[in-house]
Amino acid sequence: MTFLCARRLRRSVLAASVALLSACTTSGTAFNTAGLNQIVVGRTTLDQASGYLGAPPVDVWRQGGSTLARWAYKGTIATDAVYFRQEAWLRFGPDGTFQHMEDSVNLPLNRRPRTAEEADRAAQAERDRAARQTAAVPAQATAAPTVPQSPDTDTVPVPDVPEIEPASLAIPPSAAPAASISGKAAPSRQTNPARKPAASKRPPPAANPLLPAGTRVIPGVTYPVQKSH
């Protein structure tokens, strides 16, 4: 009995699921609402808008040189029971560029086309940001790496070495005048180059008692020896 009840319950759930799926229908084409921020007044064409939104419009009307395009998507779970719907109505001028949004349904507040001034400010801000990033890269590359020091190692400060100035020409000690004990400089001894040194006086040779008086002794000469009486 329990088995039969389980089978009937399973069949009922399956039938309800089939009926529910058959009642779920969709219409239109889903589109990317974030692409509305890329549409700029006076610059974006209909083809470009279709690329930004990721789908072509479901309806297009030509009215006196201008064009009205509608992007729409709707999903239902039962007949005439709408549970999801989005629409965007965009007007394009005679020159083919976007003019303004005619109407919208269930679009996020931050999903809107921009004016030319807003687009220029956003582009300038993006260029400034890219320039700052480019300038920061060389500064980081040229920064000297920091060498970590161990906490156990004592850091010895290096004293500053003063710059040595070039020494002035000084008189050598040998040329300086010698000072006396009293503190007065001793007179320097000057040499006259014209004056010749005096010949050293040798004492006369002593008289040889064996030779006659007045005899001049010449080396290598034999003299008669005087005999003493």
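The values are calculated or read from the model by the stated rules, or taken from the named source; none is laboratory data. These numbers come from a predicted model, not from an experiment. Neighbour counts run over all protein chains shown; Cβ positions are idealised from the backbone, glycine included. With ligands, DNA and RNA removed, areas are computed over all heavy atoms of the protein, side chains included. Shrake-Rupley method; radii C 1.70, N 1.55, O 1.52, S 1.80 Å.
Annotations
- Verdict on R111 being of a type outside the set (D, E) and surrounded by 12 or more Cβ atoms within 10 Å (Cβ to Cβ): yes
- Any hit, region 94-102, residues being open to solvent by 60 Å² or more (accessible area, probe 1.4 Å), modelled with pLDDT of 90 or more and closer than 28 Å to T26 by Cβ: yes
- Qualifying residue in region 19-29 (condition: at pLDDT below 95, among the small types (G, A, S) and in contact with an Asp or Glu (Cβ under 9 Å, 6 or more places away or on another chain)): yes
- When the test is whether a residue is open to solvent by less than 50 Å² (accessible area, probe 1.4 Å), touching a Leu at 6+ places or on another chain (Cβ under 7 Å) and β-branched (V, I, T), T67 passes it.
- Matching residues in region 27-45 - criterion: being touching a Pro at 6+ places or on another chain (Cβ under 9 Å), surrounded by 17 or more Cβ atoms within 10 Å (Cβ to Cβ) and either free of Cβ contacts under 8 Å to residues at least 24 places away in the same chain or of a type in the set (A, V, I, L, M) (or both): L36, I39, V40, V41
- Failed condition for A88, given (1) surrounded by 17 or more Cβ atoms within 10 Å (Cβ to Cβ); (2) under 24 Å from A123 (Cα atoms): (2)
- Only one of E126, E117, E165 that is at pLDDT 95 or above and out of contact with any strand residue (DSSP E or B) (no Cβ under 9 Å at 6 or more places or on another chain): E117
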